[in-house]
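As C-alpha cells, the structure follows; a few thoughts come after it.
Every number here is computed from the coordinates shown, using simple stated rules; none is lab data. Remember, it's a predicted structure, so these values are computed and weren't measured experimentally. When we count neighbours, we look across all protein chains shown, and the Cβ atoms used for this are built from the backbone with ideal geometry, even at glycine.
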Amino acid sequence: MSITTFETEPVAIGNQLLGTGQSVYVISEIGINHNGDMQIAKQLIDVAATSGANAVKFQKRTPDISTPMDMRDKIRSTPWGDMTYLDYRYKVEFDAAQYKELIRYAASLGLHAFASPWDVPSVHFMEEQGAVTHKVASASVTDLELLRALAETGKPIILSTGMSTIEQIDAAVETLGTDKLVLMHATSTYPLPPEEANLRTINTLQERYQVPVGYSGHERGLQISLAAVALGAVTVERHITLDRTMWGSDQASSLEPKGFESLIRDIRILETAMGDGVKRVFPGELAPLSRLRRVDA
Ligand SMILES: C=C(OP(=O)(O)O)C(=O)O
C-alpha cells in the first residue's frame, strides 16, 4: 500500500508557516476545559508553553445564538449548582478584558492564541482581540453565514472536517476560498476509537483541495496523532486538561500535561525523521559501509 504526500503552498499563521516540510504547528485546545476560571486557563497556557506547543486555542460562543434551541432549558448539574444548559454556557465564557489578558499572557510565553468562534458576533469579538487566525469547529462546517464572516476577516482559517460529508466540505471550502486555508481531518467521536480515525483521509483532503492538511484528534493516547504526522499532517490539535477527572464534557478525552509533553517531543522527533525523501548516503553510514560492504560499485 503506498502513501503519497502532496506538496502544497504553505499558509502563514503569524510567524509560522504551515505546510509540507515545515515544523508541525501544535495547537493546544483549551476549549472550555478552563471551566470559566482564569487561573485554570493560565495554568493550561503554562502547560502548552512548557510542552513546546505553538498555540493555545479557545472556543468562543454567544450562547444565545450558538446554543441549540432544544438544549437551552435542559437542567444540568454543574460545580456551581443545577442550572439550565444556556446559563451553564454563559458561565464558561470569558469577556473581552479576560481574552485580552489571556492572549497577552500566551504571547508573553511565545504562543499564538485564537479561538473557534461559533457564531458571527464571536468572529467580530475575536477580531477585536487581534487573533492571528480563526478555527472553524467541525460542528460549524455547514454554517455558511459564519464562514462568510470568517472569509471577510482576511485571516488564515483552519477548517475542521469532523461529522461532515465531502459535499459539505466542498461548500465550506468554496465559501472560504483556498488562499489562506488549512484543513483539519477530524472524526468527532469522543473518545475516538481507532476504527473511526480513517487517517488516510488526510491524503484524500490534500489531493482534493490542494491545501495544507492537519489533524484534530479526540482519541485516547498518542499513537493516532503521531501517525497523522507521518502521513503528512502539518498541524496537530489536541485537547489539554490539568486533570482528566476534572468536571467538564471534554476533560476525559483530553491529554494531561505529561502526555501532551510526550506527544510534542515525539512529533518533533518524527518531523525530523521524515526527511526530504531524497535518497542519499548519510555520514553515519560511512563507517558501516567501509566495514560491511564487500563489492564497491
Ligand atoms: C470542536 C472544535 O474542533 P474540532 O471539530 O476540530 O474538534 C473546535 O475547534 O471548537
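Can you compute the FRET efficiency between ARG294 and MET274 using 1/(1 + (r/R0)^6), with r the Cβ-Cβ distance and R0 = 25 Å? Round to the nearest 0.05.
Working: r = 32 Å, r/R0 = 1.28.
After rounding, the FRET efficiency stands at 0.20.
How far is it, in nm, from the label point at TRP80 to the one at MET38 when both lie 7 Å from their Cα along the line to the Cβ?
So the label points at TRP80 and MET38 sit 1.5 nm apart.
Under the Karplus relation 6.51 cos²θ - 1.76 cosθ + 1.60, θ = phi - 60°, what is the ordered set of whole-Hz ³J(HN,Hα) values for region 22-34, x standing for Gly and Pro?
Each residue's phi maps through the Karplus curve to give 8, 4, 5, 8, 9, 9, 8, 7, 6, x, 10, 5, 7 Hz.
Which peptide among 260-272, 212-224 comes first, and what is the full order, when sorted by highest mean count of other Cβ atoms within 10 Å?
On the way: 260-272: 16.8, 212-224: 22.9.
Peptide ranking by packing, descending: 212-224, 260-272.
Name all residues of region 8-35 having a backbone nitrogen under 19 Å from the label point set 7 Å from the Cα of ALA227 along its Cα→Cβ direction, giving them as ranges.
Answer for this model: none.
Shape call for region 149-297 from the C-alpha gyration tensor, a ≥ b ≥ c root eigenvalues: rounded (a/c under 1.5), prolate (a/b greater than b/c) or oblate? Write down the numbers at each step before the final one.
Details: a/c = 2.56, a/b = 1.49, b/c = 1.72.
Oblate.
Can you list the residues, at least 5 places off or on another chain, whose amide H is less than 5 Å from the amide H of LYS60, using H built in the peptide plane?
SER116, TRP118
State log₁₀ I(q)/I(0) for the chain at q = 0.06, 0.07, 0.09 Å⁻¹ as given by the Debye formula over alpha-carbon point scatterers of equal weight, solvent excluded.
The Cα Debye sum returns log10 ratios of -0.21, -0.28, -0.45.
What FRET efficiency comes out for GLN168 versus ARG200 if R0 is 22 angstrom and r is the Cβ-Cβ distance? Round to the nearest 0.05. Could you put the intermediate results ahead of the total?
Values: r = 19 Å, r/R0 = 0.88.
Plugging the Cβ-Cβ distance into 1/(1 + (r/R0)^6) gives 0.70.
How big is the gap, in Å, between the Cα center of region 231-277 and the Cα center of region 146-207?
Cα centres, region 231-277 to region 146-207: 19 Å.
How big is the antiparallel share of DSSP beta bridges in the chain, given as a percent to the nearest 5?
On the way: 7 of 39 bridges.
Once the DSSP bridges in the chain are tallied, antiparallel ones form about 20 percent.
Counting helices only, and only those DSSP H runs with n ≥ 4, report the 222 nm mean residue ellipticity of the chain as the sum of -39,500 (n - 2.57) divided by its residues, in deg cm²/dmol to the nearest 500.
Values: 11 runs with 109 residues, N = 297.
Taking each H run of at least 4 residues, the total per residue is -10500 deg cm²/dmol.
Considering lysine pairs in the chain that are 8 or more places apart or on different chains, how many have Cα atoms under 26 Å apart?
29
List the relative contact order of the chain as a percent without decimals, with contacts defined as Cα pairs under 8 Å and 6+ residues apart.
On the way: 536 pairs, mean separation 58.8, N = 297.
Once normalised by length, the contact order is 20 percent.
Given all pairs of different Cα atoms, what value in angstroms does the Kirkwood hydrodynamic radius of region 102-215 take? Each step should come with its number before you reach the end.
Numbers: mean 1/r = 0.0682 Å⁻¹.
Here the Kirkwood hydrodynamic radius works out to 14.7 Å.
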